[in-house]
Structure formats: structure tokens, C-alpha cells
């Protein structure tokens, strides 16, 4: 639910600024904001630079870490004392970061040198047959020497020209597509001879003009590469040692992020005082005041309500269940102060629909155990932690609907309670459409409640409840027609359809006579007809819920196919059993992964488009208080 907020206006002595900000950051209840006047914040460039350096250093030493045992990897928690966390010694890790950075630069430079040396050697390979020093390949008084390449596909044409060649020609090594050639011409014949060779694709190159042979040059490069490799190995050995201090770098990174957030808090200063404003949840006033008192005895403050039209943040407080679904709403849009918090209702719908889309006992149990492992061992926080909780909760409904539909890794190991979707798709389709009618009606009712609260009850009745009557009444009216499509063809009491017709007609009448109430003249009549025509839009919305049928059946059918394929490759020989297990495991892992992705995306889509489209606007400012920032640290001790 959306909770009220108040604005804190606080004045403290300038000498107490840092202590007060740390106290507010520790309590994590104040969203410090900029004021209309000139605001200042402390210089955090040094800390921001440290954050960037620690991130780069962690990526550098990551390949050099000693492999941890699985138990140690996930059971080790980084715990830091609060006093040490908020008073870091920036000089302590600076030397280590510098060493890691220098080592990384050294390795990068030497590897680049080696790559260049190897490329140079590669370019000299075709000329390895030249025994003389390269400085001798130059013009003389009577001759001109050329070195270059002929494409292999044109080598025969080159040799035809060679038959009438008056100079000397030597074939050397080859590349993948060219032949290296040395050509020596008489000076007077050089131009005409080279023109002929160029017509068949001869490309001249320049070899290094040094007083060394090709083999000597290549030997030098080999020596350089070997020396560089030795330095690289020594440097990597140092990185392996420094990688043992990874935890201290992680802690320092979180410390710098926290200091950066603290210094970025906007404040207004005078000669002797500091003034700041911030939003807090109304119920947290006492906690905030106590936090300020813990930092200083000299301060003045007041709490005021948001002014009319002021862009106050929207703070949410939901129970443990609904709060896990808040990131799903925030991916669409954060609520505004005029919205109803959709999370308490949306979370229930999302939870149920997710389970129907997955609907397999085996997948539900694996999802439950997997997310439980992540929760207990990795202890994820923030939005990622809430997403894991969404899947954890979804595993429960996945298992329940799997029992209802009799799906156990795509097989009906235990008889179903209700029906099997792939055997009775019409029943499943009608079931999903009923879910759609209920889901849409719930959205319309929420919009009606909002309009009642805003003092427009008639709008709620005319524009929302009317369509609830049409949807529900239309469903009841068609109940016997739908029942005839079912295998059992149950008989619906006529009174049900009669009541449905009455309800639907009442809804249509309300729409017809009220949809154009705000228009003038003929617009009142046209508006009513146009309102009734919107029934096509609602019909489209209801049909959108058929995606639940598609996802539920695709998960079940792919699981069934994987079972069938595993059975086909299995048999008496051990090799057949091994391949059968491989197909079974890989197939179901793939099916479960795709099912999870599809359920997450399409369940969200139904909430965003169909459900939220009926009542939710969004676009409010999220309430993000100043708080301790830590990514790697698992726990900060609250010791004094």
C-alpha cells in the first residue's frame, strides 16, 4: 500500500554535517533532495575513482583466484563492523590497487609486443629461404631487385612470362594464397619487365632494410617473446598472491560506494550551518529524530506535509508476500500518489497465473529447491533477491497446478484431480478465458474504488461497474454454449443464463445512456454507441488470456516429447540407458528454463497490458532513501 510521506527540514552545525549524514544514512529512512536554492554536496571524485578502480581490479584478479570448494564458495559470508565500514582507510588498499593495475598494464603491453612479434615472424616466413643479409637487397649500378607476391591462381600465367624473362628469378616460400618471389632485373629492362609481371598480379613489398638475415630477425623475435613470457609468468604469479586479498578489495569497493552516496547528498551551507531537506515515511519520524540525536545535540528540524502539486516520492509498504512483486510493477512504472498500489492484488494474480503456465510437479519441486538454495546460501538482496522470491513462491503454485493437471515431468504418474490440458484443450481454453474475465473485472473494480475515493462515484459506476456487468453477464449468458463444447457437456440451469442476460443488458444500457454524458448535443448519442462498440476491445483482452493455455500446453507437451525421446534411445544395453538419461535430463532442463522465461514474460505482459490497462497510470517518483550501499558485503554488524 502507498503510505504518506512528510518532508524533513533540518539545520545542523557545519562541523556536524558528516556525522549527521552518516547517522541518516545508517538509519536509511530519509530521501535527501535538492532545494530550489543553490545546493552543494561534498566532493566525492576520489571515492568514485576508487569504485572504478576496485571494479577493474576485481575483474583483473578474477582469473587468478584459487578454485574454492562449492561449500566454501557459497557458505563464506563477508561480515564487517559498521564503525570500520563507514570510516575506511583509503590509503590502505591504494597500494594494492596500484600494483594490480601496473601488473595488468604490464601483461597487456607484453602480450601486445608478443602478438606483434609473432605477426612479424609470420610475415617473414615466406622469405626464410633468403640466406643473405636483407640490406643487400637494394639497387646496384646495373641491377634492380624486387621482392613480392604472386597470387597462386595466377602463378601459371606468371611462369609463362618468365620464359622470356631476361633477368634472374627465385621462388621462395608460400602463404595460403600467394607465392613469394625475388626478381632481379637489368636496370635498363626493369620498367618493361615489371610491367609484364604486374599484369598478372605481382604485388611488390618492402622487407626490413637491416644488416641481418631473415633467420636472425626471426631468432630475435623468438628471444623477445620468450623474455616477455617469463615476465608475464612472474607478474601472473604476483596476481595470484594479490587475488587472495579479493575480499578486502570487495569490502573497500562497498565502502567507497557508501561514501560516494553520502557525499552526493545535496545540502545547502552557510558560514556556520548546513541545511538539508528530505522525504521520510510519516511513520518513521521518531526513528529519524533519534538518529539525528545520536550524531549531535545541536540541531533544529520540522516535518511538513507535501505542498499542493509538489512532486513527492511515493513510498510503499506491503506485507512480505506482496513486497516481493514490487520490482515487477516498477519495471512497468512506479505508482503515483493518485494511484492505488497494485501490488497487493497483482501479486496474487501473478502468483496464480505463473503456476498455471508452468503447471508441473517436477518442475515446481526443482524450482523450489533451487531458489531455496540460492536464498539460504547466496542470500541475494534488493531487486534480485525479490525476483528469486517470486520464483520461490511461484514454485508452490507450479506444484499445486501440476497436481491438479496430473503433470510430473510431463508424465501423468499420479491421476489428475481435474483434467489434463493437452487431452482436453477446450476445457483449458474456457478455463483461461474465465480467468481473463475475473482478472479484467478485478482491474475495473480497482478503478471504480479509485474513482469513489476521488469523489467521482458515478464515474466508477457508469464507466467501470457497467463493464464488469457486461463481462460477467456475458459469460453467464454463454455458459451453456461453452458447456456444450466440453466432453461431459454438463447442463447449466436456465436461471443462470437468464440472470446473465439481465446483468449483461443492464451493463449495456448503462454504457449506452451514460458513455456520452460529458458530450454535447448529438455527441451524447454517438458517445453511447461508441461506448458499446468498445465491447470488441474487451473481447480482444479476454482472448489474450488464451496465452495461458498455449504456455501450459507447450510446457506439458515438450516434457512429454522429451520423455518419449528418452524412451526411444533407451534399452537394455548400458550405453542406451546412459543416452536415455542424458536426453531426459537435458531435455527437461531446457523445457523448464524456457517455461520459466515464458511464464515470467507473459505473466508480466498480462499484468501490464490487460490488468494495469484498466486502472493504473504509474509514473510516480520512487522513494529511495539515503542508505548504506553494499554489493559484496553480506552483513554489517550494528556494533557501536
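The values are calculated or read from the model by the stated rules, or taken from the named source; none is laboratory data. Note that this is a predicted model, so its numbers are computed, not measured. Note that each Cβ is placed from the backbone with ideal geometry, even for glycine, and that neighbours are counted across all protein chains shown.
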I'd like to check something: does region 287-297 contain any residue that is without any contact (Cβ under 8 Å) to a residue 60 or more places away in the chain, assigned to a helix (DSSP H, G or I) and in the same structural domain as residue 432 (by TED's automatic domain parsing)? no
Conditions first: (1) under 30 Å from residue 300 (Cα atoms); (2) in contact with a helix residue (DSSP H, G or I) (Cβ under 8 Å, 6 or more places away or on another chain). Residue 275 passes all but one, so which condition is the exception? (2)
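Which ones in region 335-351 are without any contact (Cβ under 8 Å) to a residue 60 or more places away in the chain and either buried (at least 23 other Cβ atoms within 10 Å of the Cβ) or touching a helix residue (DSSP H, G or I) at 6+ places or on another chain (Cβ under 7 Å) (or both)?
343, 347, 351
Kindly indicate whether any position in region 538-549 is farther than 25 Å from residue 616 by Cβ, modelled with pLDDT of 85 or more, surrounded by 15 or more Cβ atoms within 10 Å (Cβ to Cβ) and assigned by TED's automatic domain parsing to the domain that holds residue 604. Before you say what the answer is, go through the steps one by one.
Going residue by residue through region 538-549, those that are farther than 25 Å from residue 616 by Cβ are 549.
Next cut, modelled with pLDDT of 85 or more only: 549.
Subsequent filtering for residues that are surrounded by 15 or more Cβ atoms within 10 Å (Cβ to Cβ) retains 549.
Now restrict to residues that are assigned by TED's automatic domain parsing to the domain that holds residue 604: 549.
Within region 538-549 (the criterion being farther than 25 Å from residue 616 by Cβ, modelled with pLDDT of 85 or more, surrounded by 15 or more Cβ atoms within 10 Å (Cβ to Cβ) and assigned by TED's automatic domain parsing to the domain that holds residue 604), the answer is yes, since at least one residue qualifies.
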Tally the residues that are in contact with a helix residue (DSSP H, G or I) (Cβ under 9 Å, 6 or more places away or on another chain) and either crowded, with 20+ Cβ neighbours inside 10 Å or under 17 Å from residue 13 (Cβ atoms) (or both), restricting the search to region 255-271. 11
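Within region 272-281, does at least one residue satisfy the condition of being in a helix (DSSP H, G or I) and surrounded by fewer than 20 Cβ atoms within 10 Å (Cβ to Cβ)? Explain how you work it out, then say what you get.
Within region 272-281, the first condition is being in a helix (DSSP H, G or I), and the residues that meet it are none.
Within region 272-281, not a single residue is in a helix (DSSP H, G or I) and surrounded by fewer than 20 Cβ atoms within 10 Å (Cβ to Cβ).
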Report whether or not residue 502 is surrounded by fewer than 16 Cβ atoms within 10 Å (Cβ to Cβ) and either within 30 Å of residue 584 (Cα to Cα) or touching a strand residue (DSSP E or B) at 6+ places or on another chain (Cβ under 7 Å) (or both). no
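So that you can scan it fast, the table gives a plain yes or no per residue for (1) over 21 Å from the mean Cα position of the chain (by Cα); (2) at pLDDT 95 or above; (3) within 24 Å of residue 440 (Cα to Cα):
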position	(1), (2), (3)
337	yes, no, yes
353	yes, yes, yes
377	yes, no, no
395	yes, yes, no
401	yes, yes, yes
417	yes, no, no
Near pairs, Cβ below 8 angstrom, 6+ apart or cross-chain, from region 392-418 (surrounded by 16 or more Cβ atoms within 10 Å (Cβ to Cβ)) to any residue that is at pLDDT 90 or above and assigned to a strand (DSSP E or B): 402/408
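Condition check: in the same structural domain as residue 148 (by TED's automatic domain parsing), surrounded by 12 or more Cβ atoms within 10 Å (Cβ to Cβ) and either on the phi > 0 side of the Ramachandran plot or not in a loop (DSSP other than H, G, I, E, B) (or both). Does residue 216 satisfy that? Please lay out each step first, then the result.
Values: in the same structural domain as residue 148 (by TED's automatic domain parsing): no; surrounded by 12 or more Cβ atoms within 10 Å (Cβ to Cβ): yes; either on the phi > 0 side of the Ramachandran plot or not in a loop (DSSP other than H, G, I, E, B) (or both): yes.
Judged against the criteria, residue 216 is not a match.
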Is there any pair linking a residue in region 365-388 that is without any contact (Cβ under 8 Å) to a residue 12 or more places away in the chain and assigned by TED's automatic domain parsing to the domain that holds residue 326 to one that is surrounded by 17 or more Cβ atoms within 10 Å (Cβ to Cβ) and assigned to a helix (DSSP H, G or I), with Cβ under 6 Å and at least six apart or on different chains, and which? 380/388
How many residues does region 589-626 contain that are surrounded by 13 or more Cβ atoms within 10 Å (Cβ to Cβ) and in contact with a strand residue (DSSP E or B) (Cβ under 9 Å, 6 or more places away or on another chain)? 6
Only unsatisfied item for residue 569, checking (1) surrounded by fewer than 20 Cβ atoms within 10 Å (Cβ to Cβ); (2) touching a residue at least 60 places away in the same chain (Cβ under 8 Å), is (2)
From the options 388, 396, 365, residue that is assigned to a helix (DSSP H, G or I) and touching a helix residue (DSSP H, G or I) at 6+ places or on another chain (Cβ under 6 Å): 388
With (1) part of a loop (DSSP other than H, G, I, E, B); (2) under 30 Å from residue 356 (Cβ atoms) as the list, and residue 518 as the residue in question, which single condition is left unmet? (2)
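Could you run through region 116-138 and say how many residues are in contact (Cβ under 8 Å) with a residue 12 or more places away in the chain and either under 51 Å from the mean Cα position of the chain (by Cα) or surrounded by fewer than 15 Cβ atoms within 10 Å (Cβ to Cβ) (or both)? Quick ask: steps written out before the conclusion?
From region 116-138, those in contact (Cβ under 8 Å) with a residue 12 or more places away in the chain are 117-118, 120-121, 124-135, 137-138; that's our starting set.
Applying the additional criterion that residues be either under 51 Å from the mean Cα position of the chain (by Cα) or surrounded by fewer than 15 Cβ atoms within 10 Å (Cβ to Cβ) (or both) yields 117-118, 120-121, 124-126, 129, 131-133, 135, 138.
So the count comes out to 13.
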